[in-house]
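Encoded as structure tokens, the structure appears first; notes follow it.
Rule-based calculations on the coordinates, nothing more; no lab input. Note that this is a predicted model, so its numbers are computed, not measured. Cβ placement follows ideal geometry from the backbone for every residue including glycine, while neighbour counts extend to all protein chains displayed.
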Amino acid sequence: MLFLESRVLDVHTHGLSACWMAAAVLAMVSAACGSGTPVGSGVDEPPAGVAPAPIDAGVAQVSGMAPRANGVVIAIVLLDPHAEIEVPLPDDVPVMDQYGRQFVPTFLLVRRGQTINFTNSEDDLHTVHVKDSAGESLINVATLNGSSYEFTFDLTDEYDVFCNTHTEMEADILVVDSPYAVVAERDGAFTIPDVIPGTYTATVIQGAERTEREIEIVAGRNEIDLAGT
């Protein structure tokens with residue numbers, strides 16, 4: 001199984017492979033990290049003569065550049081606060097469906113404490129079997145057409161998802177602590193909105209590479225260059 005080859009804070013690196021599927025990047029959903037924008041979205045330039053959208057008072061927008069994509073390996077940017085802050089979990093519940101003998105999407109990025117809804121939208125009988133990085137089973141349930149099963153992920157880790165009946169069906173789930181996480185564009189551009197101002201550790205993960213840098217975020221627009229971090 002192809003995995004995101006990285007370590008996100010407390011996320012373990014056990015069993016990671018050499019690259020991250022490009023399809024997995026495209027499968028990420030905005031609810032995963034509570035950012036309010038699709039994970040991996042870059043900065044949309046406003047039309048000429050049009051001012052950028054205003055930023056709510058008291059919060060920050062963090063934009064910048066991470067390293068460019070290396071083949072299918074795209075950079076991830078995490079912001080971890082030094083002070084304790086409260087950022088509510090997203091209201092939306094991410095869904096991992098089973099259709100066409102595939103998990104859809106094949107990759108989900110969620111925050112610790114989020115619930116994922118596993119569904120089956122086809123006539124085939126499937127199972128949802130989830131193992132943590134130590135190989136321990138968390139879920140192993142049969143799923144009939146139209147059925148669903150919800151599970152809350154309370155530990156940061158990287159999880160294998162597969163179907164016992166159809167061994168070609170595989171997916172991955174990455175659970176992180178950080179409330180602010182984004183997959184950069186292929187050119188390295190990224191934007192993280194609605195950030196609480198303060199001191200943060202900015203972590204850039206790309207394949208086996210992991211770098212950190214302390215940054216200060218103030219209310220309003222912040223531009224940071226993490227390409228050479």
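For Ser148 and Glu170, the difference between the fully extended length at 0.36 nm per residue and the C-alpha to C-alpha distance is 6.2 nm.
Classification of segment 176-229 by its C-alpha gyration tensor yields a prolate form. The axis ratio a/c (a ≥ b ≥ c) is 1.5 or more, and a/b outweighs b/c. Ordered by the number of other Cβ atoms lying within 10 Å of each residue's own Cβ, fewest first, Glu209, Glu168, Glu185, Glu216 fall into the sequence Glu168, Glu216, Glu209, Glu185. Working from label points 7 Å from Cα in the Cα-to-Cβ sense, the Leu125 to Glu209 distance is 4.9 nm. With only Cα atoms counted, segment 89-229 has Rg and Dmax values of 17.8, 52 Å. In segment 133-219, Cα pairs under 8 Å separated by at least six residues give a relative contact order of 16 percent. The slack between Thr201 and Asp91, meaning 0.36 nm per residue of separation minus the straight C-alpha distance, is 37.0 nm.
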